[in-house]
Amino acid sequence: MRILAIFNGEYGRRHIHNVVQHQPAAWQVLTWEAPQFFPPVLDYPEDYLPESLPAADLLLSFAEHKGVAELLPDMAQMTGATAVLAPIDNEAWLPRGLARQLHGWLAAINVACATPKPLCSLTPTQYQVARRQFVTYENAHIAEFARYFGKPSLQVVVDGETRLVTAVTMQRDAVCGCARYVAEHLVGMTADDAAEKAGLLHHHFPCLASMGIDPDYGDTLMHVSGNILKDDVAAQVKPFRRATMITPGKRVDE
């Protein structure tokens, strides 16, 4: 699969670095650094595009400016891409209204589009866009990418006697590499502490999703992202956690 990854800041650089480091051998990942500044109204998108771009099957948009979203239809046509993955880890970079427009622009030229919010909600069949709201999709290129990068999936092994995490196998990493980092630091933790530790490690990595309150979640996207990873770990260590029994005490009159 031929991938063209677009970036214009540290958020994108980290994502691309992780993908390039751990991509399947059959993938080819090239990059294009987009401009960092755009006018309020983009009348002539072609003024902000290079003369040529390499052929691609999938465009990954990791840009930190909403102006880049307006370039994506032209970029898809220039590269021959049939799919676009444009995550929303910060609504300032891709507002929901512009995301809806992007879907329409790309559908008009028969290009599939996925806009997961946050990016680490992406699976090979669906992604999240708001609290309890998921979108299903069918596209071979986006699904192929999501087999390896997207919603974190770890296989956690716990010793039944000591209740310690003895091994963590990566099944699907977050695009930024956060899940891999968490997996490397969970071994040796108790089943009681593993889920909370996963949440702390996610923040310490650190996650680069927005720390502002997102209106579609009523929470920060960083927190939403952290809970996705934390919940994955919690479900696996739950059978090994020690149950805490609370016995009501008697009231003592002074």
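The values are calculated or read from the model by the stated rules, or taken from the named source; none is laboratory data. Nothing here was measured: the structure is a model prediction, and the numbers come from that model. Note that each Cβ is placed from the backbone with ideal geometry, even for glycine, and that neighbours are counted across all protein chains shown.
Quick check on Val224: is it at pLDDT 95 or above, surrounded by 14 or more Cβ atoms within 10 Å (Cβ to Cβ) and closer than 26 Å to Ala130 by Cβ?
Criteria met by Val224.
I'm trying to understand the selection: among the residues of the stretch 31-45, which are among the hydrophobic types (A, V, I, L, M, F, W, C) and either touching an Asp or Glu at 6+ places or on another chain (Cβ under 6 Å) or modelled with pLDDT under 70 (or both)?
Correct list: Val41, Leu42.
Collect the residues in the stretch 12-58 that are of a type in the set (S, T, N, Q) and surrounded by 15 or more Cβ atoms within 10 Å (Cβ to Cβ), keeping them in residue-number order.
Across the stretch 12-58, the qualifying residues are Asn18, Gln23, Thr31.
One line per residue, one yes/no per condition, for (1) assigned to a helix (DSSP H, G or I); (2) crowded, with 22+ Cβ neighbours inside 10 Å:
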| site | (1), (2) |
| --- | --- |
| Leu60 | no, yes |
| Glu70 | yes, no |
| Ala81 | no, yes |
| Ala92 | no, no |
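Output the residues belonging to the stretch 39-58 that are in a loop (DSSP other than H, G, I, E, B) and of a type in the set (Phe, Trp, Tyr).
The one that is in a loop (DSSP other than H, G, I, E, B) and of a type in the set (Phe, Trp, Tyr): Tyr44.
Quick one: is Ile88 in a loop (DSSP other than H, G, I, E, B), among the β-branched types (Val, Ile, Thr) and touching a residue at least 12 places away in the same chain (Cβ under 8 Å)? Walk me through how you get there before you give the answer.
Values: in a loop (DSSP other than H, G, I, E, B): yes; among the β-branched types (Val, Ile, Thr): yes; touching a residue at least 12 places away in the same chain (Cβ under 8 Å): yes.
For Ile88, the condition - in a loop (DSSP other than H, G, I, E, B), among the β-branched types (Val, Ile, Thr) and touching a residue at least 12 places away in the same chain (Cβ under 8 Å) - is met.
Considering only the stretch 189-198, state which residues are farther than 16 Å from Cys176 by Cβ and either surrounded by 19 or more Cβ atoms within 10 Å (Cβ to Cβ) or not acidic (Asp, Glu) (or both).
Within the stretch 189-198, Met189, Thr190, Ala191, Ala194, Ala195, Lys197 qualify.
Go through Ala114, Ala83, Ala5, Ala108 for me and flag whichever is over 28 Å from Cys207 (Cα atoms) and modelled with pLDDT of 95 or more.
Ala108
What single numbered condition from (1) outside the structural domain of Pro35 (by TED's automatic domain parsing); (2) in contact (Cβ under 8 Å) with a residue 24 or more places away in the chain fails to hold for Thr169?
(2)
For the stretch 124-170, give me each residue that is under 20 Å from Tyr181 (Cα atoms), out of contact with any Gly (no Cβ under 7 Å at 6 or more places or on another chain) and surrounded by fewer than 18 Cβ atoms within 10 Å (Cβ to Cβ).
Across the stretch 124-170, the qualifying residues are Arg147, Tyr148, Ser153, Gln155, Val157, Thr166, Ala167, Thr169, Met170.
Check Ala209 against each of (1) free of Cβ contacts under 8 Å to residues at least 60 places away in the same chain; (2) touching an Asp or Glu at 6+ places or on another chain (Cβ under 8 Å); (3) buried (at least 23 other Cβ atoms within 10 Å of the Cβ) and name the one condition it does not meet.
(1)
Within the group Thr115, Thr136, Thr125, which residue is outside the structural domain of Leu208 (by TED's automatic domain parsing), hydroxyl-bearing (Ser, Thr, Tyr) and closer than 23 Å to Arg13 by Cα?
Thr115
Inside the stretch 104-206, counting only helices (runs of 4 or more DSSP H) that do not spill past its ends, which hold 1 or more residues that are among the acidic types (Asp, Glu) and under 30 Å from Asp74 (Cα atoms)? Let's see the steps before the verdict.
On the way: elements: 140-148, 178-186, 194-204.
Where helices (runs of 4 or more DSSP H) fall fully within the stretch 104-206 and carry at least 1 residues being among the acidic types (Asp, Glu) and under 30 Å from Asp74 (Cα atoms), they are 140-148.
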